[in-house]
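Trainee: Dumping the structure here so I can ask a few things about it.
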Amino acid sequence: MKPIGHTIIRLDEVESTSTLMLEDSAYLENHGLVVIARHQTGGRGRMGRRWASLPGGQLQFSLVLHPNLPPQEVPLLSLVSGLAVARALEDVLALSPALKWPNDVLLGGGKVCGILVEGARGRGGRPRLVIGIGVNCDGTPGDFPPEVRASLTTLAHETGAPVDKEALLQAILAQLTALHERLTAGDKAALLAEWSRRALLRGHRVRMNAADGAREGEPVGLTAEGCLIIATDDGGQYAQLSGELEWLR
Ligand code: BTN
């Protein structure tokens, strides 16, 4: 398969790089294609939220991935995307980010990168993923809308130095290519172990906000498919495939 980022389309402004790709089969059929924008006027986040865009101050891009995996392993690509960003931040900036299920990347407790993985059907009904990645690079949390300031951070704020966005983009794309290949080669146990090592998995009381409601408990691990296992107060456990994790303490 071609490397992710074999072609990069660079836009000044777009509503959303992910929406653009999802709405056009010419994009969707091109595994590894990347669209990056300096500014998004309607950037989308997980759970129907908006993604705030700081014109020129973030890495905001989406890519098409044709998963070369059995269907039950495709959700692992969501975790692996966060791992790719964490590794790239370590390689390029010598940082040690933490991961929050399923794929937030945190520095100093603040969210520095959000990832939106969306599925689509391509030619012949084949599964295609559009993975949208937003990394807060320049500026400070105060530059963002008041409702998200308290929960996010930027690379410049954490490191005190300007960020080479192009180097970071290339490192993320290289990591995604390598990690997708490793999953394809059957290396999922090692990747899940690495994800868990980097993640703040245990020691938090959480509320899992999911399509079927909210439940509280304590995360205790991951299933082989990347579902989060949560221990509930009644002594039971359940595995959650998708949702939004809220740390209560
Ligand atoms: C989240 O944490 O809620 C996910 C945020 C994903 C933001 C990125 S920026 C590039 C791509 N285009 C979008 O509209 N969203 C994603």
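Trainee: Residues of the stretch 36-55 being surrounded by fewer than 16 Cβ atoms within 10 Å (Cβ to Cβ) and at pLDDT below 95, which ones?
Mentor: Once the filter is applied, which keeps residues that are surrounded by fewer than 16 Cβ atoms within 10 Å (Cβ to Cβ) and at pLDDT below 95, the stretch 36-55 yields MET47, GLY48, ARG49.
Trainee: Hey, another quick one. Test each condition in (1) part of a helix (DSSP H, G or I); (2) without any contact (Cβ under 8 Å) to a residue 60 or more places away in the chain; (3) surrounded by 19 or more Cβ atoms within 10 Å (Cβ to Cβ); (4) not hydrophobic (A, V, I, L, M, F, W, C) for GLY217 and report the one that comes out false.
Mentor: GLY217 satisfies all of (1) part of a helix (DSSP H, G or I); (2) without any contact (Cβ under 8 Å) to a residue 60 or more places away in the chain; (3) surrounded by 19 or more Cβ atoms within 10 Å (Cβ to Cβ); (4) not hydrophobic (A, V, I, L, M, F, W, C) except (1).
Trainee: Another question about this same structure. Among the residues of the stretch 56-64, is there at least one that is of a type in the set (S, T, N, Q), in contact (Cβ under 8 Å) with a residue 12 or more places away in the chain and either more than 10 Å from the ligand (Cβ to nearest atom) or surrounded by fewer than 19 Cβ atoms within 10 Å (Cβ to Cβ) (or both)?
Mentor: The answer is no, given that none of the residues of the stretch 56-64 is of a type in the set (S, T, N, Q), in contact (Cβ under 8 Å) with a residue 12 or more places away in the chain and either more than 10 Å from the ligand (Cβ to nearest atom) or surrounded by fewer than 19 Cβ atoms within 10 Å (Cβ to Cβ) (or both).
Trainee: With the condition kept exactly as written, say whether any residue in the stretch 105-124 is part of a helix (DSSP H, G or I) and over 25 Å from GLY213 (Cα atoms).
Mentor: Yes, there is a match, as at least one residue in the stretch 105-124 is part of a helix (DSSP H, G or I) and over 25 Å from GLY213 (Cα atoms).
Trainee: Can I ask one more? Any residue at all in the stretch 81-99 that's within 14 Å of the ligand (Cβ to nearest atom) and out of contact with any helix residue (DSSP H, G or I) (no Cβ under 8 Å at 6 or more places or on another chain)?
Mentor: No.
Trainee: Can you say whether ARG198 is surrounded by 17 or more Cβ atoms within 10 Å (Cβ to Cβ) and touching a helix residue (DSSP H, G or I) at 6+ places or on another chain (Cβ under 9 Å), as far as the supplied structure shows?
Mentor: Yes; evaluated as a whole, the condition is true for this residue.
Trainee: Okay, next question. Going through the stretch 183-214 one residue at a time, which ones are part of a helix (DSSP H, G or I), under 18 Å from the mean Cα position of the chain (by Cα) and of a type outside the set (A, V, I, L, M)?
Mentor: Those that are part of a helix (DSSP H, G or I), under 18 Å from the mean Cα position of the chain (by Cα) and of a type outside the set (A, V, I, L, M): LYS188, GLU194, TRP195, SER196, ARG197, ARG198.
Trainee: For the stretch 119-142, how many residues meet the condition of being among the charged types (D, E, K, R), within 16 Å of the ligand (Cβ to nearest atom) and more than 19 Å from VAL34 (Cα to Cα)?
Mentor: 1
Trainee: Test each condition in (1) under 18 Å from GLU166 (Cα atoms); (2) surrounded by fewer than 23 Cβ atoms within 10 Å (Cβ to Cβ); (3) aliphatic (A, V, I, L, M); (4) touching a residue at least 60 places away in the same chain (Cβ under 8 Å) for LEU33 and report the one that comes out false.
Mentor: (4)
Trainee: Could you list, in sequence order, the residues of the stretch 18-49 that are closer than 16 Å to ASN136 by Cα, out of contact with any Asp or Glu (no Cβ under 9 Å at 6 or more places or on another chain) and either part of a loop (DSSP other than H, G, I, E, B) or more than 9 Å from the ligand (Cβ to nearest atom) (or both)?
Mentor: Once the filter is applied, which keeps residues that are closer than 16 Å to ASN136 by Cα, out of contact with any Asp or Glu (no Cβ under 9 Å at 6 or more places or on another chain) and either part of a loop (DSSP other than H, G, I, E, B) or more than 9 Å from the ligand (Cβ to nearest atom) (or both), the stretch 18-49 yields only GLY45.
Quick grid of which residues meet (1) under 27 Å from ALA26 (Cα atoms); (2) in contact with a Gly (Cβ under 8 Å, 6 or more places away or on another chain):
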site	(1), (2)
VAL85	yes, no
VAL112	no, no
LEU116	yes, yes
VAL135	yes, no
GLY139	no, yes
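The values are calculated or read from the model by the stated rules, or taken from the named source; none is laboratory data. All of these numbers come straight from a predicted model, not from anything done at the bench. Cβ: placed from backbone, ideal geometry, glycine included. Neighbour counts: every protein chain shown.
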